Amino acid sequence: MAEDPENTDQIPPTRNVVGHDAAEGLFLDAVNQQRIHHGWLITGPKGIGKATFAMRIARFLLSRNPGIATTADQGLFGDDLPALDYETLSLDEDDPVARRIESGGHGGLSVVQRSVNDTTGKLRKDIVISDIRKLSSFFSQTASEGGWRVAIIDAADEMNTSAANALLKLLEEPPEKSILLLVAHSPGRLLPTLKSRCRQLPLLPLPSESLRAVLSARYPDLPADDLAAAAAMAAGAPGKAVELIGRSGLDIYRQLATVLASTPTFDMPQIHALAAKLGSVKADADYRIFIEMFLGWLQRLIRQQVSGDVAPDIMAGESDQISRISALARVDQWLDLWDKVSHLIARADAVNLDRKQVIVSLFASLKATVKA
């Protein structure tokens, strides 16, 4: 699997899923009623654990091989199905099938993600039709060990139109004991016909207490202030919090907060130093974290000014600082700034603008807004 620093929801090697009991219960109900739908749409923000949850389902189906009712199994009114009694998707630590899946050695599982372009050697921006066509061959084969065939699309909202149409054909004529698990960060981007052929499993953000517990277990030596800051910025998404901690996201936010604290004067040498650091070719992931943080801060400022909705501080005194800065311009001026920086960031990605200059331009636009 090609490494993708932008995707905080790629399938990790862990079996653990925290805080998604409701979604697990919905799937187990279908299993126990022997009415496992052939297509499931797993939705929620990036980093919340959608891909991990999809792999949890795959391990369960391939290891436990639960039945699925056919027309012959049902009575006249479809109410004569033998009941199953699975209570969890969890497997034993030494489960041999789960170990084979984690080592990539099980023929009943296929994972589709953005592939590497053979010409450029780079990860494609979309899942293309050739990636989906491989599933047709996968599903046409005899099921491994007489069990299920499971395909995970990570992420379905990254498919281009041709790939989406090819997947639609698979959903329209699913083979027996086969299942498609579609991970989607932005399900609104999917074809309505795709969504209509899937059952939805929405994963909700974890409560702050649960997220902190997850981070405390994973990073026992992390200072309490850093843990709280990572949990606040991740907005209930464990994968996002892990990315922020692992990629020095907390340090990036501190640098951003330091620059913003100088509004409206700004320390331009400091801004240029930050831009040079984050704008280099090797700093792609850090640049994207910074951009997300800048937009998040601006969104929080606008929301706080318009509605008075004060979010918990990520850094001490941040709400007061945002109140001070927001008073330097009118709401319409802040909204204009949002449109301007959003357009700049989108254009920078589309035509590969110099990222150092993009960062400098963001602060220049902010400076112009508060001095207007």
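The values are calculated or read from the model by the stated rules, or taken from the named source; none is laboratory data. As the structure is a prediction and not an experimental result, all values here were calculated from the model. As a convention, Cβ positions derive from the backbone with ideal geometry for all residues, glycine included, and neighbour counts pool all protein chains shown. Protein only, heavy atoms only, side chains kept; ligands, DNA and RNA dropped before computing areas. Shrake-Rupley method; radii C 1.70, N 1.55, O 1.52, S 1.80 Å.
Below 8 Å between Cα atoms, with a sequence gap of 6+, how large is the relative contact order for segment 268-372 in percent?
37
Defining a contact as two alpha carbons under 8 Å apart and six or more residues distant in sequence, what relative contact order in percent does the chain show?
Taking the mean separation of contacting Cα pairs over the length of the chain, I get 18 percent.
Using the heavy atoms of the protein chains alone and a 1.4 angstrom probe, what is the accessible area of the chain per residue in square angstrom?
49
Rank these by accessible area, largest first, 1.4 Å probe: SER216, SER365.
SER216, SER365
What's the whole-number percent of alpha carbon pairs in the chain lying beyond 36 angstrom? Could the numbers behind the result be given before it?
Working: 22323 of 69006 pairs.
The share of Cα pairs beyond 36 Å in the chain comes to 32 percent.
First compute the accessible area of the chain with a 1.4 Å probe, then give the percent of it belonging to carbon and sulfur atoms.
51
Pop the C-beta distance of THR193 and SER115 into the FRET formula with R0 = 35 Å and round what comes out to the nearest 0.05.
Values: r = 24 Å, r/R0 = 0.69.
Rounded to the nearest 0.05, the efficiency is 0.90.
Given a 10 angstrom Cα cut-off, can you work out which residue in LEU344, LEU204, LEU260 is the most mobile in a GNM of the chain?
Most flexible of the set in this elastic network: LEU344.
Return one number: the angle in degrees, 0 to 90 and rounded to the nearest 10, between the long axis of the Cα atoms of helix 50-64 and the longest principal axis of the Cα atoms of the chain.
Approximately 20 degrees, to the nearest ten.
Would you mind counting up the charge near VAL31? Only other residues with Cβ under 11 Å from its Cβ, with Lys and Arg at +1 and Asp and Glu at -1. Can you show the working numbers first?
Values: positive: ARG35, ARG64; negative: GLU24, ASP29, ASP85, GLU87.
Value of the local net charge: -2.
Rounded if a/c is under 1.5, else prolate if a/b beats b/c, else oblate: with a ≥ b ≥ c from the C-alpha gyration tensor eigenvalues square-rooted, which is segment 278-333? The partial results should precede the final answer.
Working: a/c = 2.77, a/b = 1.96, b/c = 1.41.
Taking the square roots of the gyration eigenvalues as a ≥ b ≥ c, segment 278-333 is prolate.
Starting from the Cα of ASP320, step 7 Å along the direction of its Cβ; do the same at HIS272; then give the gap between the two resulting points in nm.
Using points 7 Å along Cα→Cβ, the separation is 3.3 nm.
I'd like the accessible area for SER162: 1.4 Å probe, protein heavy atoms, all chains in place, Å² to the nearest 10.
The value for SER162 is about 60 Å².
Using the Karplus curve 6.51 cos²θ - 1.76 cosθ + 1.60 with θ = phi - 60°, what ³J(HN,Hα) values do you get for each residue of segment 351-364, in whole Hz, with x for Gly and Pro?
10, 6, 5, 4, 5, 4, 5, 4, 5, 4, 5, 4, 6, 5
Could you order the peptides 309-317, 167-175 from most to least packed, using the average number of other C-beta atoms within 10 Å per residue?
167-175, 309-317
Any of LYS50/LYS125; LYS134/LYS282; LYS125/LYS340; LYS50/LYS169; LYS122/LYS240 with alpha carbons more than 26 Å apart? Name them for me.
Table pairs above 26 Å Cα-Cα are LYS134/LYS282.
Of the options VAL242, TRP148, VAL360, report the single residue whose Cα projects farthest towards the positive end of the charge dipole of the chain (beta-carbon charges: Lys, Arg +1; Asp, Glu -1).
Selected residue: VAL360.
Sorted by average packing, counted as other Cβ atoms within 10 angstrom per residue and highest first, what order do 131-140, 236-245 take? All intermediate terms of the calculation are to be shown ahead of the outcome.
On the way: 131-140: 15.8, 236-245: 23.2.
Those peptides, ordered most packed to least, come out 236-245, 131-140.
Under 10 Å, Cα contacts only: if you run a Gaussian network model on the chain, which one of ALA350, ALA329, ALA58 comes out with the highest mean-square fluctuation?
Between ALA350, ALA329, ALA58, it is ALA350 that shows the largest mean-square fluctuation.
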